[in-house]
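Following: one structure in structure tokens, then a few remarks.
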Amino acid sequence: MDESPQDVHRLWQQQPREENRMSTDDVRAKAERLERRVKRWKITGGLLFAVIIAAELWQIGRPNPLLERTGDLLTIAAFVYMAYWFRRYAPVDAVPQALGRTGSVDFYRSRLERQRELASRRWRYLAVFIPGVTLSLFGRAMERSVEQNAAIAVFGVLLFVVVAWVIGRTGRQMQHELDELA
């Protein structure tokens, strides 16, 4: 145990290096698939945002109870906030700014890590929708039976749990791909 720091440094530099298990072509193909998947999710998410915001605006224009219209407004605000947040803090560039300065494996790893990080915050994204969805679903609670309200509550909870599970599964897939690179 009396090895000098120079000996440790020399041993560290002389240790055999692990080669990547994936070829450059495999990494490039996986990176392209990831980019297509991210682009597809961006388009799907944008369309979903537009459809839901349009539906909520339509709901606001109808003669619904004030509580339900307030929930619709809060839901729109949540979607606008999330669109702003993703646009500002989680952009995924089609053309990497670091192109030419990083290796393909490093670039692919950074993209996977970014997507995994986004997926790890799923409840942060979903929490902003809870007040609006809750008010919208229960705006007419006094007009419905207890069983109907219970069914709506179960539906609302299941909706959030399923969305959280899908986002979590995406994060696990990203982690699995990161583990393959190691």
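The values are calculated or read from the model by the stated rules, or taken from the named source; none is laboratory data. Predicted model only: the values in this text are computed from it and were never measured. Please note: Cβ atoms are built from the backbone with ideal geometry, for glycine as well, and neighbour counts cover all protein chains shown.
Structure data summary
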item	result
Qualifying helices (runs of 4 or more DSSP H) (wholly inside the range 107-182; at least 3 residues being at negative phi and of a type in the set (Phe, Trp, Tyr))	146-181
Sole residue being of a type in the set (Lys, Arg), more than 21 Å from the chain's Cα centre (by Cα) and at pLDDT 80 or above, chosen from Arg144, Arg169, Arg116	Arg144
Residues (at pLDDT 85 or above and under 22 Å from Arg37 (Cβ atoms)) located in the range 119-141	Leu126
Residues being in contact (Cβ under 8 Å) with a residue 12 or more places away in the chain and under 19 Å from the mean Cα position of the chain (by Cα) - total across the range 47-75	3
Some residue of the range 66-87 being loosely packed, with under 12 Cβ neighbours inside 10 Å, modelled with pLDDT under 80, of a type outside the set (Val, Ile, Thr) and out of contact with any helix residue (DSSP H, G or I) (no Cβ under 9 Å at 6 or more places or on another chain)	yes
One residue from Val8, Val92 being more than 30 Å from Ile130 (Cβ to Cβ), of a type in the set (Val, Ile, Thr) and at pLDDT below 85	Val8
